Structures are given as C-alpha cells and as structure tokens.
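Data first, discussion second: the structure below is written as structure tokens.
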Amino acid sequence: MDRRTVLGGMLDAALADPSPHANPSDPLAFANTELPNTPRALSGLEPYTGLWGREQIFHLLRRTTFGPSPVDLQAFQTMSMTAALDMILSTSAVDSKPLATDSREMVAVGDTWVYSNARDPNSTFDPTGARYTSLKSWWTGLMLQQSASVMEKMVLFWHDHFVTQRNVVNEPRFQWRYIDLLRQHALGNWKDLAREMTLTGAMLRYLNGNVNTRTNPNENYGRELQELFTIGKGPLAGPGDYTTYTEADVKAAAKVLTGWQDDSTVLPQPGVRPSKFTLSRHDTSAKQFSARYGNRTIAGSTDGITEVNALLDMIFEQEETAKHLCRKLYRWFVYYVIDEAVEANVIVPMANILRQNNYNVLPALRALFQSAHFYDPLNIGCMIKSPLEFAAGIPRIFSMPTPADIATKYKVFYYIATQSAAMQQDIADPPSVAGWPAYYQTPQFYELWINSDTLPRRATLSNTLVKNGYSTSGFKFVADVITFTANLPDSRNIDALIEESARIIFAVPLTATQKAFLKQTLIPGLPDYEWTLEWDLYLADPGNATKRNAVLTKLQALYAFMLSMPEFQLQ
Amino acid sequence: MKRRTFLRRAIPVSTIPFLLGGHTLQAFGRSPFLDGLASLAAATDRVLILIQLNGGNDGLNMVIPRDQYAALAAARSNIMIAESRVLALTAATGLHPAMTGLHALYNEGKVAVVQSVGYPSPNFSHFRATDIWLTGSDSNQILSSGWMGRYLDQAYPGFPTGYPTVEMPDPLAIQIGSLVSPGLQGPSVSMGLAITNPNTTYILPGAEDTPPNTPAGHELTFVRDVAEQTSLYGAAIRNAASKGKTLSTLWPTAGSNSLADQMKIVAQLMSGGLRTGIYVVSLGGFDTHAGQAVGGATDTGTHATLLSRVSVAISAFMNDAALQGFQDRVVGLTFSEFGRRIKSNASTGTDHGAAAPLFVFGSNVNGGVVGSNPVLPAAAGSNDNIAMQFDYRRVYAAIVKDWFGATATQLNAILPGQQPLPLIKGGGATGVEDTSLPVSFELRQNYPNPFNGETRIRFAVPADAGSVPVRLVVYDMTGREVAVLVDRAVGAGIHEVGFAATHLASGAYVYRLQAGAHVEARKMVLVR
C-alpha cells in the first residue's frame, strides 16, 4: 500500500499546508515588479572631492575587485585617491594560460594544453571535458587570486558583453583564445576587441559566422554585433527599425562578414587568428546601410578585413554606441537604475570621454571611479553580489591559502566555479548571448541572483568555508578565522572586533542592534572583559587544542552568521 | 506499564476503520514505515525546554545549605542570604528568597533540585566550560556535536534530507533569541533553527531594524524577504504563532524579563500546535565577579534579580502550560557552565567555580531534592570549590532515555556510559527494551495537543484481555457525541487512530475509551 493511500486525507492536508518549502516555484516572488523609486544620487561624473577614507576605499575595492582582502584594505589605507586609482586601473596577469592537471588533457601535468592538438590520434579519449574543467578552474583561480586591480572584473564584464558559451563552442582551445582576447584588451580598446571578437574562432562558431556565405547569408552575428555588442538596440521606431539600426542593417552587416570561418588547424599564437577568410564564400557586392547609419555604403573588397574594419568604423562613429557601453559599465559597477539624471550626468559625459579617447576604456573607467557619483552615499552597498563575487569573495576576505600542487589547487578553484554555477553563474557558460540577465533584465536586474534556491546555497557555501571547509586530496580549503581575527586592529576588544570585522565583511553599516546581537553570539550573557580573558588564554597558549577550539568554535559561529546575513549579499 | 515500552514498540495494529475528515479509511497496517512513525511520535510528543544561564551561576546562593550557615558565614558573609530569609525546601536545604514562584512549584512536586552537578576536572573558562556542557564531553575531550543534536540525529535519522516531512512538519529544535546552540549541533548538520520573535516581520535573527529608504536599503529588504520566505520552517512557525496564545496572568511585562519573554514564545508556539521537541532559551548576566548582592541587603542585587527572573519565567510558563493543558508534555532543565567559588571576593562578588545545583521541572518530574548538600570547609580559602556529586550527563541521560524514550543503545551513542538519574516519573532503571504486548489498558494523551484540525490518539489493549469490544468516542463539553473513532472488537497491542476535527469549532473536547470494562477519558483542545 502506498503512503498516500495509508494516510489519505492527512497527507493531502499536510501537502496543502503552506509551511514546508514555502512557494519554491516562484523565484521572483519578491523581486522588483517595477524599478525601485528610492531616492537616487543626483551627483555626476565630476571628480569626487569629499573625504577619502576607509568607506571610500572599501567601496572602490568592493566594486572593482572580487572582494577586498584585508591585505588590500591595509595597503590602500595609506594611498591617495590618485594612487589608489592608478593601482586599480593597472593591468594584471594579462598573459595566463590554463594548465593540465590530468595527463588525459594530452600534455604533461603542469603544462598548458592551449597549444596542443585537440585529440590524440592514437586514442579514442576526447580531452574536451577535462580541458574545460581546467579552463574553468584556471579562470576562477584568476579571480580568487587577483591583485587589487579592476582587471578581473573587466574580463568578466567583457565575457558578459561579448558572450560565447561553452556548450555551443565546445572547443576549449578556441574558448581559451577568446578569453585571452578578453584579457589582452580588458583595459584596452573596445573597438579593437570588437574586431578581434568578430574574427575569433569561438565567436565564429558561436554565432554562426562559419555558415555565413555569399549564397546563404547568416544574420546571427551581424544582428548581435549591433543589438548587443556595439550600438545596442533602441526603442522600436517602426517596422524593423530599432532607432539605432534597422533590419536592413542586420542583413547588410551579415553580408560584410561573409566568408569568415573558424580554423581549428591554427594553433593559438600571438597575432594569428584561429580563423580564415575564403574569398569564394564572401559577398563582394557593395553593402547599403539605412538612414540610421546615414545611408552609408560599404564597398565590396576581397581581403575580408577591410570591410570588417569599415563596418566597425561606421558603427563606432555613432554616438549611441559609446552610450550603450557606458550604460552596461554603469550597471556592472554602480547600480541598475539609470534615470534621467544618471543618463545626463554620468552616461553622456562618460560616453564622451570614451569617444574622445578613441574607445580606449581606461579614461572612461577612471572618470567613473573618481566621480562624485561613484562615491555618493546613495550608491554604496546597493549591488547584490553575483555568484562569482560571492563565492570568490569569501576566500579573499579570509585570505584563504590554496595548495601548491597544481592538481589540488585546480580542484579548489573548480569547487568555487561549480558552487557559482549552482548559484546560476557558470563561468564560460552564460545562459544566452545577452549574458547574465541580472545585468539587463528589467525591472529585476541584480535581484534575479537571489531566490529560494540560490540563497540557501549561498548560506551553505559560506558556512562550509568558515566552518568545516572543502577538503580535497588531503587539503582543506577553509577560512582561518583565528588569524583573521588576530589581524584585526584591536582583537582583544570585543567592540573593536565586531566593528572592524563588520567593516571588512559588509558594505553597509550594521545597526547598533545588530552589533549587540553579534557580540552576544561571541560572549552570550557575559561581561565584555570575558572576551579579552578568553582570547588572551588562547593567545598565551596557542598550541593548546582545547583553548584553541574554545575560541575557534565561537569565532566560526560569529563569522558564519555574519556571512549568512542578508547584508553580506550586498556590495 | 512503562512509558518507554508503550512508545517504543511498533504498532501491531490490524485494521481499524476510523473517521478521518469525514471519510472512513483503512487504519495502519504494520510496515517499516509505520515502525518509523512510531519512533517519530515517541520522539516528538514530549518537549524539553533547556534554560541556559550564561556566565556561571552561583549555585551556593541559589540552593542554600541551611545546615552549614557557620561555614557560609565564614566564606561569604558579604553576599550570603540571611538564614531567616531562605525559602525552605527540606530541613537541610533552602532556596533563594527571590525564587518564590519556583518554590511554589517545588511544593507542588513539580521541581527536582539536583545538587552539585558537574564533571571531573572542572574547567574555569566560560568558552570551554560551555562547550563541555553543550557537547556532553569530558573535561579534556573535544566533541564536535552537541548532546541534543546527537539525540535528535538518533530520533530523526537523515535530517535534514527530505525534511520537513508529513510526520514532522516543524523544526526539530528551536533556539530563541540567539544563534543556534552548539548543543543542537548534530553529527553533520545543526538540528536547530534560531528565531528571534515569531510575532515580528522577520523571525530570523539579525533583521530587527528597518532598512533605510536608499537603493541599498531597497536591495537589503528584498534579500531579507527572500531569506524569510526561504527559511524552511518560517511559515510553520508563523502559523503556530498566529494560532497560539498565552493565558497566564503571571507573565511579566514584555521587555522586563528576557527569559520570560522567550518562554512566553515557547508557550505560544506549543499552544499553536508546533511539534518541535526541544526549545533552547537563555539568560545572561550570571558572571557576577562584583556586585552580586547589595551589601547589607543581600537578598537584593544582581543575583537576586537574575534568580527572580528565572523563577518568574518558569512559574509563568508552567501556569500557562497547565491552563492550556500541555503541562504533561513539558520538562524543563536549567544549567550554567559552572558554579562559583565558595568564598566570595572583596567586591561582593564570586569568581569562577565548579559544581552547582540545577533544576528539572515539570509535572512529570519526580519532585524533591536529589543528592545532599555540598559539604563546605569551615573556613573556605579562595581556591575552594564545590565538589561534584552528580555528573551532568546523568541529568541529560534522564532526559534522553526516560523523557524522550531513547533506547539504551541510543543513549549509549548519545552519552556513552551515562546512567539516568531518577528524575522523570516512570523513568528508571532497567534500560532493557520491552517488546512484549501491553500489560494493562491505557488511553494516551492525544498528540499533538492542542491540535489544529488533526491529531492522533493511542490506546493499549493488554495481552491478557484478548479481543475486547472497544468504543472510542469524542464528546464536546456539553456531552454531545461528535465522533466515533472506534467501535468494534480489538485485539491486544498498541492502537492508533487519527481524528480530523475539520467540522468542529475551537475548544475543549473529551475522548473516552471503553474497552471491555475499562473506561478512561482524556481531554484535548482544538485550536483553529
């Protein structure tokens, strides 16, 4: 007899009871149904001239890195704003390659596979899966171990902007080459990056450039290039007219791009694209663009690249193009609500800087990161962390060491990558060509990251990293909460301990009630000095396991709780 | 028959048709699933309230050896309670005068005072000593799970996978007002849920203040809303809180006694039908190194205030439990991480000490003083401590085995080698699992009670009765018959029927068992 029959109405009644697992089917139950109308900053791109203190430094680091480490925070405290920005805007680890952790990747463990043949002709084994594991581990490791630079955040920005997906490309060498382009141009020239993206193997596969021919033009890339990657789609102004471009321009762009295909025989090497141009596949006719581009004509040519450059020149001459990117950068670094004041005071002047600098992004980023708007108190703490920011951020806060052994190290990195994937951000595998919806889907935006499935996952991860750790191959990836605490400025004073740890952990200030609660978690019902006594007991005899365990369990409970607080989801 | 015996055995029920929501249904047949159900019910119909007194309670000033006033005067004249003010428990033992409510309960036989509870090689660090008490470890042993967590892991194997279940829709354990106690840490996961106050917008700790009207405040509110929605048992707790009530007039004004406020929440949740089996509440401030008592008026001051709060909270709770009819389902236990020194210091305070008395309370407790007064040295020095008389784990063992009905094997896994103190009525000595048939008729209290819509009733037919005609009928308070649950011949064994009161109004009902010549009735309360 099945259970339902046995229990009959009791089971039905229990199932109808809303108490267990309240409403998991509606992940958007609480997300915005319209854009929030909270007060918004009226300040603009004019340089910030206010106090340059910890709050501003922490804010800069939180927004431009995957979580500030205490070491970064310490180093930046003595820097002027200019020096801090110089550091943040410096490139870092531009040349990096994923390494093999398994001989099945076709190269020796510890060597990179990016130059290696896709397959061993003598084996039936396909290394694609193992190499992708390596690729995702490597990339996540770069975020975890980043220096205090906006580099990694920009690499991820470009990934979200010029999307390719692993499950479509399915060629790790192509996708590494694609990532390498993101890294080479991360703080460089957007227009150069757009050209290289157009012609790289991963993108030619991803958006059907491979099958875009004179006889059978494929519009996919020509459309996304305009709709998402450059000028952006404006409001529908008429049939097939998106204000910034038209359906005719999609067709014309597709013709420009005919004849290019990926070339898996070209091994990655600097200056050589993993793609090829076949003149016989190319439409050499003149391409007529619409009035949205001033009725421009691109003359047919036979070398492939001339027309591509002409197309990009035409698109990048449009003022809207720079504004499109600046809006995306704004939502990546500041907040998702772009009202009239933000458009006029931030987006337009930032786009002007981008254009005046021929699409080099650094001057525009510098203007943003030194602006009054960026440091406006109304813009602090209002971003919900993406899964990668959350998952990579915790090990950074606690300066969690990674193992020396490459295979074990990559397992740790891959653990973070899979945790982030389970929370809906799978590196190298965005959900669509438009990137992660949290950065474009109105009106929910960042709130899409948090639902009744992902929030418990976040809490489980933070709890694991602070308490039991992730163990692999004899290595335990775990926060050293005792060292973290000991490095706080005045860890013997419980108020200072709560205050200082909260300032590192949270982007928003805690209330007095919350601080009192945290204090109670550490010394329930005890006078303040008992913390000092207990902590001193440990410090005087750090090798004593019971004394260490006594403070360890209390500190773990404290930090695990702090990391599970809704406040920790904000940056 | 022994309660444990009653509960532990699987239900050898044949087929009893019974009314459930107006439909006649097949009753339980024996199956592994139903065996599991029986053990779950055994684990959940009884409730433990653990009251943690943080800071190290001066037990010698709470339970006072009346027969040793000379030694007391020599050791602690500056804080000692005047002999004439002590509330007598026995000829030799008395209670702090601030604990009048508890004293009254004692006189009703509802309080066991266990003398000099501790463990060998006492530790004087708050952190370490608390860890010892909560994990149930030896002085020098580090355990990663708590004693209650290990019990719950035995009672609810596999938690949290698959939970909440139909049988256990509610949290296994609730910590009120702070983070989940390490005592509730199971072998792999915490078995408890921390809440602040189920009557507020956010019941999870840390969200008491309204966020500002800023973009950050907007996003914070969003995340908090999802967190509350996501909290596995949030809705169940709110549901119980909204249905539950408190009736006692003894509850102090909210905000004046935090322990009473917490226990009032427990009463409210139990009243609302929450099936949670363990509640942990706490009161801080017992670390009375200085100013423990007011000089010249030693029955006032910090410690007197604290003990008064403990007494008021317990007596108000027990009063409410009696008024609402669930007093038989609750046992409470107080503890502190250590006692304090025999000799007071010059700051009218006491320093960290060793063993101390504790209270076990409830209508199912064997009331009285357990053990003898500590023997004080004639002139205590500053390092003299009260020696342990009972290992604290023997108190836990009584809860686990005699109250919650764990088997001897389970007890040994939870608290290895510990024998229960005889604190629980009907609890006792053998520890041998009895798998024979019942030896007497018995009508059990329905569970849950109070209930919201559905409850279950068990009764026993003894082996020597053979097959007897059984009628189990529910009446309202006017004596009108409202449901016939059983009306047929029933064989020996433990039988269980469900009662779905979907068509009835809130209020008290009586259910009456007639089995052969045996008649027994009990009251149950329907709460909508």
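The values are calculated or read from the model by the stated rules, or taken from the named source; none is laboratory data. Everything numeric in this text was worked out from a predicted model, so none of it was measured. Virtual Cβ from ideal backbone geometry, glycine too; neighbours counted across all protein chains shown.
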Taking the condition farther than 30 Å from B:ARG456 by Cβ and either hydrophobic (A, V, I, L, M, F, W, C) or assigned to a helix (DSSP H, G or I) (or both), does B:SER315 pass?
-> yes
Of (1) over 13 Å from the mean Cα position of the chain (by Cα); (2) part of a helix (DSSP H, G or I), A:TYR446 satisfies every one except (1)
In the set A:LYS547, A:LYS519, the lone residue that is out of contact with any Pro (no Cβ under 7 Å at 6 or more places or on another chain) and either over 30 Å from A:PRO377 (Cα atoms) or of a type in the set (A, V, I, L, M, F, W, C) (or both) is A:LYS547
Looking only at the stretch B:328-339, decide whether some residue is within 21 Å of B:ILE278 (Cα to Cα), part of a helix (DSSP H, G or I), in contact with a Leu (Cβ under 7 Å, 6 or more places away or on another chain) and not aliphatic (A, V, I, L, M).
-> no
If you check A:VAL412, A:VAL361, A:VAL342, A:VAL348, which single one turns out to be among the β-branched types (Val, Ile, Thr) and in contact with a Leu (Cβ under 7 Å, 6 or more places away or on another chain)?
-> A:VAL361
Please verify whether the stretch B:225-233 includes one or more residues that are touching a strand residue (DSSP E or B) at 6+ places or on another chain (Cβ under 6 Å), outside any helix (DSSP H, G or I), in the same structural domain as B:TRP133 (by TED's automatic domain parsing) and over 23 Å from B:PHE335 (Cβ atoms).
-> yes
Which one of these does A:ARG503 not meet: (1) within 30 Å of A:TYR375 (Cα to Cα); (2) basic (Lys, Arg); (3) buried (at least 20 other Cβ atoms within 10 Å of the Cβ)?
-> (3)
Helices (runs of 4 or more DSSP H) fully within the stretch A:311-426 counting 2 or more residues that are of a type in the set (Phe, Trp, Tyr) and either more than 29 Å from A:LEU42 (Cα to Cα) or in contact with a Phe, Trp or Tyr (Cβ under 7 Å, 6 or more places away or on another chain) (or both) = A:406-422
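Just to verify a result, which residue in the stretch B:295-321, among those that are over 21 Å from B:SER258 (Cβ atoms) and touching a residue at least 40 places away in the same chain (Cβ under 8 Å), is farthest from the chain's Cα centre (by Cα)? Spell out how you get there, then give the answer.
Taking the stretch B:295-321 and keeping what is over 21 Å from B:SER258 (Cβ atoms), we get B:295-299.
Within this subset, residues satisfying the condition of being touching a residue at least 40 places away in the same chain (Cβ under 8 Å) are B:295, B:298-299.
Numbers: B:GLY295: 36, B:THR298: 32, B:ASP299: 29 Å.
Of everything passing the filter in the stretch B:295-321, B:GLY295 is farthest from the chain's Cα centre (by Cα).
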Can you tell me which residues in the stretch B:147-178 are at pLDDT 90 or above and among the β-branched types (Val, Ile, Thr)?
-> B:ILE174, B:ILE176
For the stretch B:416-435, the count of residues that are assigned to a loop (DSSP other than H, G, I, E, B), within 14 Å of B:ALA406 (Cβ to Cβ) and at pLDDT 50 or above equals 5
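Which helices (runs of 4 or more DSSP H) sit wholly inside the stretch A:455-533 and have at least 3 residues that are at the interface with chain B (Cβ under 9 Å from one of its Cβ atoms) and either without any contact (Cβ under 8 Å) to a residue 12 or more places away in the chain or charged (D, E, K, R) (or both)? Steps first, answer last, please.
Numbers: elements: A:481-486, A:494-505, A:512-522.
Filter on the stretch A:455-533 gives A:512-522.
For A:SER432, are the conditions met, namely being out of contact with any Leu (no Cβ under 8 Å at 6 or more places or on another chain), surrounded by fewer than 18 Cβ atoms within 10 Å (Cβ to Cβ) and over 30 Å from A:ASN32 (Cβ atoms)?
Judged against the criteria, A:SER432 is not a match.
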Condition set more than 9 Å from chain B (Cβ to nearest Cβ) and in a loop (DSSP other than H, G, I, E, B), scope the stretch A:534-571, selection surrounded by the fewest Cβ atoms within 10 Å (Cβ to Cβ): answer is A:GLY543
Would you say A:LYS411 is within 14 Å of chain B (Cβ to nearest Cβ), under 26 Å from A:GLN175 (Cα atoms) and not aromatic (Phe, Trp, Tyr)?
-> no
Specify which of the listed residues (A:THR243, A:THR258) is touching a Leu at 6+ places or on another chain (Cβ under 8 Å) and not in a helix (DSSP H, G or I).
-> A:THR243
Residue hits (the stretch B:234-282; more than 14 Å from chain A (Cβ to nearest Cβ), among the basic types (Lys, Arg) and either outside any loop (DSSP other than H, G, I, E, B) or under 16 Å from B:PRO169 (Cα atoms) (or both)) are B:LYS264
B:PRO169 is checked against (1) at the interface with chain A (Cβ under 9 Å from one of its Cβ atoms); (2) outside any loop (DSSP other than H, G, I, E, B) and fails just one. What number does that condition carry?
-> (2)
Any idea which of (1) more than 27 Å from B:PRO160 (Cβ to Cβ); (2) touching a residue at least 24 places away in the same chain (Cβ under 8 Å) is the one A:MET423 doesn't satisfy?
-> (1)
Exactly one of (1) over 25 Å from the mean Cα position of the chain (by Cα); (2) modelled with pLDDT under 95 is unmet by A:VAL71. Its number?
-> (1)
Within the stretch B:380-401, count every residue that is touching a Leu at 6+ places or on another chain (Cβ under 7 Å) and either aromatic (Phe, Trp, Tyr) or part of a strand (DSSP E or B) (or both).
-> 2
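Could you identify the single residue in A:ARG183, A:ARG205 that is part of a helix (DSSP H, G or I) and either under 21 Å from A:GLU307 (Cβ atoms) or in contact with a strand residue (DSSP E or B) (Cβ under 8 Å, 6 or more places away or on another chain) (or both)?
Working: A:ARG183 fails: either under 21 Å from A:GLU307 (Cβ atoms) or in contact with a strand residue (DSSP E or B) (Cβ under 8 Å, 6 or more places away or on another chain) (or both).
The unique qualifying residue is A:ARG205.
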When A:ILE397 is run through (1) at pLDDT 95 or above; (2) within 14 Å of chain B (Cβ to nearest Cβ), the failure sits at (2)
Given (1) under 16 Å from the mean Cα position of the chain (by Cα); (2) surrounded by fewer than 22 Cβ atoms within 10 Å (Cβ to Cβ), index of the condition A:MET383 fails = (2)
List every residue pair whose Cβ atoms lie under 8 Å apart, where the two residues are 6 or more positions apart in sequence or sit on different chains, the first residue falls within the stretch B:186-215 and is at the interface with chain A (Cβ under 7 Å from one of its Cβ atoms), and the second residue, located anywhere, is of a type in the set (Phe, Trp, Tyr).
-> B:PRO205/A:PHE517; B:PRO205/A:PHE561; B:GLY206/A:PHE517; B:GLY206/A:PHE561; B:GLU208/A:PHE517; B:GLU208/B:TYR202; B:PRO215/A:TYR335
What is the number of the single condition among (1) of a type outside the set (D, E, K, R); (2) closer than 30 Å to B:LEU323 by Cβ; (3) modelled with pLDDT of 95 or more that B:ASN364 does not meet?
-> (3)
What's the number of the condition B:LEU306 fails, among (1) within 13 Å of chain A (Cβ to nearest Cβ); (2) closer than 18 Å to B:HIS96 by Cβ; (3) among the hydrophobic types (A, V, I, L, M, F, W, C); (4) surrounded by fewer than 23 Cβ atoms within 10 Å (Cβ to Cβ)?
-> (4)
Looking at A:ILE427, A:ILE406, which is the one that is farther than 24 Å from B:PHE222 by Cα and within 14 Å of the chain's Cα centre (by Cα)?
-> A:ILE427
